[in-house]
Amino acid sequence: MIPRRACSCGCSCGRGTTSSGFTIPSAELNLAEGGRYRFRMAPPEGEPFHLSGEFLEIDPPFRLVYTFRWEEPTPDDRDTVVDLSLQTADDGTRLALSQGPFLTEERLELHRGGWTDSFEKLQAVLESRG
């Protein structure tokens with residue numbers, strides 16, 4: 001669960017560290033329906049890569065739906081749709097996520113691992129705030 005107070009705070013998007021030590025050296029973001037985003041991500045070792053997409057639905061603070069596209073795709077990559085929603089719960093806020101479709105189980109597991117790392121990092125930050 002995400003405490004209610006965590007969902008009302010502002011956030012910034014841009015330079016920072018993501019899951020597993022990846023960094024985001026640059027980010028472009030037009031957070032509006034039909035707006036686009038583009039992130040340059042750098043792994044701890046190796047060449048940077050880019051991901052981008054379009055915001056399909058924005059219903060603050062309840063729902064965000066957007067496309068996800070690797071700009072340097074592997075043959076098994078395809079565009080996916082990410083649907084994030086927040087729902088009120090007795091002890092806070094429940095975050096629900098879906099993303100797909102994926103062409104292979106390997107690509108699904110890659111994304112599942114990234115989301116899991118990200119949510120674990122979010123949980124640690126929220127717990128550190130008490």
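The values are calculated or read from the model by the stated rules, or taken from the named source; none is laboratory data. Since this is a predicted model, take the numbers as computed values, not measurements. Note that each Cβ is placed from the backbone with ideal geometry, even for glycine, and that neighbours are counted across all protein chains shown. Just the protein is used for accessible areas: all its heavy atoms, side chains included, with ligands, DNA and RNA removed. Shrake-Rupley method; radii C 1.70, N 1.55, O 1.52, S 1.80 Å.
Numerical summary
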{"quantity": "Accessible surface of the chain [probe 1.4 Å, protein heavy atoms]: carbon and sulfur percent", "calculated": "53 percent"}
{"quantity": "Length-normalised contact order for the range 46-130 - Cα pairs under 8 Å, 6+ apart - percent", "calculated": "18 percent"}
{"quantity": "10 Å Cβ shell holding at most 11 others, DSSP loop, trypsin sites (Lys or Arg not before Pro): longest site-free stretch of the chain", "calculated": "16-128"}
{"quantity": "Integer Hz, Karplus 6.51/-1.76/1.60 couplings in order for the range 123-130, x for Gly and Pro", "calculated": "4, 5, 5, 5, 5, 5, 7, x"}
{"quantity": "Placed amide H near residue 63: partners under 5 Å, 5+ positions off or other chain", "calculated": "86"}
{"quantity": "The chain, accessible area per residue, ligands and nucleic acids excluded (1.4 Å, Å²)", "calculated": "65 Å²"}
{"quantity": "For mean projected area of the Cα convex hull in nm², calculated from these coordinates, the label among (1) 14.0; (2) 8.8; (3) 8.3", "calculated": "(3)"}
